[in-house]
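To start, the structure under review is shown below, and the notes come after it.
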Amino acid sequence: MASAAQLLMREKFETCLGVIRHASLQILPLLTIKASDGKDPQWFFQQLEQARLALGSWMAVAKRLNLNDAEISHFTLLLRHLQQLVPQFESGQEVSHNQLIAALRFVSYLERVREKQPLLGYSTEIESHDVAVQQKAMRQMRALELMLKNLVENSYAGQSQLVHKLKMLFGADSLRRWLKNGERGDILSGMRFSELALMVVDKKEYANHYAGLFQHATQLGLLIDQRKTLQTFLDDVREIRNDLVQQQTLTSVQLALLNSYYQESSAVIQQAFDEGRTKVNPAALLAADDAQLQAWLTLAQKKHQATGRDNEEVRDTIERPDLRNTKSKQDTSETLKMVCWCIAGVAVIGAAIFGMYLLSDIADKPVQANSQPAKVTVIDSLPEAQSAREKLANIGIGWEEGNLRSAIERGDATVVRLFMQGGMNWKVSYTESALTGDYRDALNALLQHRSQMDEERPCRRMVRTYSQAMTDGESLTALRKQFLQTFCSSPEAIKRQKEDLDRAKLRLSAQQQRKDEQGIAEEKRAVDIQQAIYNAMR
C-alpha cells in the first residue's frame, strides 16, 4: 500500500501533467500546430519540434511566444528533461521526487511564458494555499539562506580569514559593497543570495569544503552531478526569493518548488549534523519565531532597496577580478580589431568602385563580359569571424557564451556553426544534453573546431557523465566515442581509465565470492561500462 507521502506526491505530479496538457493546447495553435487533445510531455516536445520545422527555426518559435533565444532554449531544455524522466505515465503509477521536481520546474516556466505572451491564459494552480503556507515558505527561505551562510562561515577560521579569501576571490570593490550593506562584523550578511550560493557551489570551493557532506547522500539526484543539481536548485530559489522579498504572493508552483528544494538541500546537511560531520543544524534554523523571521525579512528588504533585484545567475565558478580585467581587455582589443577590419573592407570596396569607374571612362567601347561579375558586399569583404558575428546579430542572437550553450543544448547546428566561425570558445560540458538528444550536426560542428574547446581537464567529468548515462540505459553512441577519442586519448587519461576498469573488476570478483546475484549483476554492468569507455579512449 502506498504511503500518504507517495499519494500526495503522485496527486501533485498528475496535477502538473494536467496543467501541461492544458497549456499545450493554447501554445501549439500559436505555432501553427493544430491539436484537439493534449497528451504527455513527450508528445508536447514532438509537437514543438514539428513547429520548429514548419516555422524554420527555434528563433521563429520563440518570436511567436515573445521569448528570446535564452528563454526558448531553457523552455525546451526543461521539457526535454521532463520527457526523459517520464517517457510514459499512467494514472496510479509511482512517482519519484525527481520526477515531481522536473514537472514543477516546467510548470513554473509555463508561468513565465504566460507572462510573456498575453494571448495565453491557462491556469497553473496546482493546489490551494493560505497565509500559513506563505509563512512556511518564508521560514524555509530564511533557513536555506542561513544554512548556506553557516556552511561558508564554518569553512574558515574566523572573519579575518574569510574577508581575506573573499577579497582574493571577488575583489576589493565587492568587499566594500558587502561591508556597506551588511551588519558589523558579518561580511556575508551584505552579500546577495546569488553571491552567497556561489560561495558553496563554485567548483573549487565545493571540492575543498562541501563535497564530503554531499557525496554519499541519496538526495540532489535530479541531474547527474550533485553539485550541478544544487547549483540549479539555488538559482531557482534566487528567483523565488526575489518575489518573496518584494512581498509578492508566491504561486502554488513556487511554494511547491521551494518546499522540494528545501527538503532536498537541508536533508543532506541535517544528516551530516546528526552524524557530527558539520555544526550546521537546519532544524534549528527552521524553528524561528515571528520576531526572528521579521528581522530577517527587514534586512533582506533593506538590502534589496540598496542593491536592487538579484538578477545574477548562480554560476559554476567564481570569476576572479584579475581574470575579468584580462577578459575585458581582450574584448576591447577584439572590438578594435573588428572595427579596423570593417574600415579596411569599406576602403577596399571604395577603391574597387573608383578603379572600375576610371577604367570604364578610359575604354572607348566596353567589352561585353561572358559572365556576370561577382557581387561584392560589405559582409563578403569582412573576415570570416566578423561576418559570422554579423549574421548572428542579424537573427537577434548576441555574442555571448550563454547563447552558444543554448544553441548546443537545443541542437541548432546553424547557430553553433556561426559561433564557431566567429571564434567563440566552447566547453565539452555544454554538450551533455546534445549528446543525449544525438544532435549530430551541432556536435560535428563543434568537433570541427576542437581547437576552440577551452575546458581544463574535461576527461574525468566526461567519463563520469557517460558512465552515469549508460547506467541509466543510454548507449555509448558513435559521437560519445568520438568525443572520448578527441579529448581523452592522452596516456594519463587512458591509464586512469584502466585503473577504474581494474577496480570495477575487483568489485565484481568480490561480489562473485559472496555469491550475491544482485550485486554480481550490478558490478558486471559496471565492468562492461568501464570497459566500453576504455576501448573508446584507446
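Counting only helices (runs of 4 or more DSSP H) that sit completely within segment 394-482, those holding 1 or more residues that are closer than 27 Å to residue 53 by Cα and either in contact with a strand residue (DSSP E or B) (Cβ under 8 Å, 6 or more places away or on another chain) or not assigned by TED's automatic domain parsing to the domain that holds residue 62 (or both) correspond to 401-409, 413-421, 432-437, 440-448.
Of the listed requirements (1) closer than 22 Å to residue 257 by Cβ; (2) touching a residue at least 24 places away in the same chain (Cβ under 8 Å), residue 61 misses just one: (1).
For the criterion of being over 22 Å from residue 59 (Cβ atoms) and in contact with a Leu (Cβ under 8 Å, 6 or more places away or on another chain), residue 479 passes.
Restricting attention to segment 40-58, the residues being in contact (Cβ under 8 Å) with a residue 60 or more places away in the chain and part of a helix (DSSP H, G or I) number 2.
Of the set (1) of a type outside the set (Lys, Arg); (2) surrounded by 14 or more Cβ atoms within 10 Å (Cβ to Cβ); (3) free of Cβ contacts under 8 Å to residues at least 12 places away in the same chain, all apply to residue 532 but (3). What number of residues within segment 60-73 are buried (at least 19 other Cβ atoms within 10 Å of the Cβ) and part of a helix (DSSP H, G or I)? The total comes to 5. Scanning segment 1-39 for residues that are acidic (Asp, Glu) and either assigned to a helix (DSSP H, G or I) or closer than 15 Å to residue 114 by Cβ (or both) yields 11, 14. Residues in segment 1-39 that are within 18 Å of residue 98 (Cβ to Cβ) and in contact (Cβ under 8 Å) with a residue 24 or more places away in the chain: 2, 6, 9, 10, 12, 13, 14, 15, 16, 17, 20. When 288, 300 are checked against the criterion of being touching a residue at least 24 places away in the same chain (Cβ under 8 Å), part of a loop (DSSP other than H, G, I, E, B) and not aromatic (Phe, Trp, Tyr), a single residue qualifies: 288. Among the residues of segment 491-506, none qualifies, meaning not one is assigned to a helix (DSSP H, G or I) and within 21 Å of residue 411 (Cβ to Cβ).
The values are calculated or read from the model by the stated rules, or taken from the named source; none is laboratory data. Values in this document were obtained by computation on a predicted structure and should not be read as measured data. Cβ coordinates were reconstructed from backbone atoms using ideal geometry, including for glycine residues, and neighbour counts include every protein chain displayed.
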